[in-house]
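**Student:** Pasting a structure below so you can have a look.
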Amino acid sequence: MDLVIEYVNAVFTVFLVVMLIRILLSWLPSAPVGRVTSALYRFFHDSTDWYLRPFRRVIPPLGMFDLSPIVALIVLYVANAIVVRVLEIF
């Protein structure tokens, strides 16, 4: 069962890193125009949009600041802790 818990933690960690990169990319003034950089930019946006979209519907931006990624990261941490606790019980 420890292997399953490690795998679940790894999946959450990878998604967390992808989310953090997406947040850092949001500070760029525009999308990159190079073929490779544009593909990476689209990858990080496409792989996190499905998760951020519900938070953006509920939490409106405050001026230029979008706080929904912060709430999404907190929910991701809590979900990780809950899933690991449930797996530890079994």
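Read-outs: derived from the displayed coordinates by stated rules, not from any lab. No experiment lies behind these values; they were computed from the predicted model shown. Ideal geometry is used to build each Cβ from the backbone, glycine not excepted, and the neighbour counts take in all protein chains shown.
**Student:** So how strong a dipole does segment 2-89 carry about its Cα centre when Lys and Arg Cβ are +1 and Asp and Glu Cβ are -1, to the nearest 20 debye? Display every interim value, and only then the final one.
**Tutor:** Details: 7 positive and 6 negative charges, 78 e Å.
Around 380 debye, computed over segment 2-89.
**Student:** Of [x] 15.5, 49; [y] 14.1, 55; [z] 12.0, 36, which is the value of Rg and Dmax of the Cα atoms in Å derived from the coordinates here?
**Tutor:** Working out Rg and Dmax of the Cα atoms in Å from the coordinates points to [x].
**Student:** Follow-up question, since we're still on this one. For the chain, build the charge dipole from Cβ charges (+1 Lys, Arg; -1 Asp, Glu) around the Cα centre, then report which of Leu52, Pro32, Ala81 sits farthest towards its positive end.
**Tutor:** Positive-end residue among those listed: Pro32.
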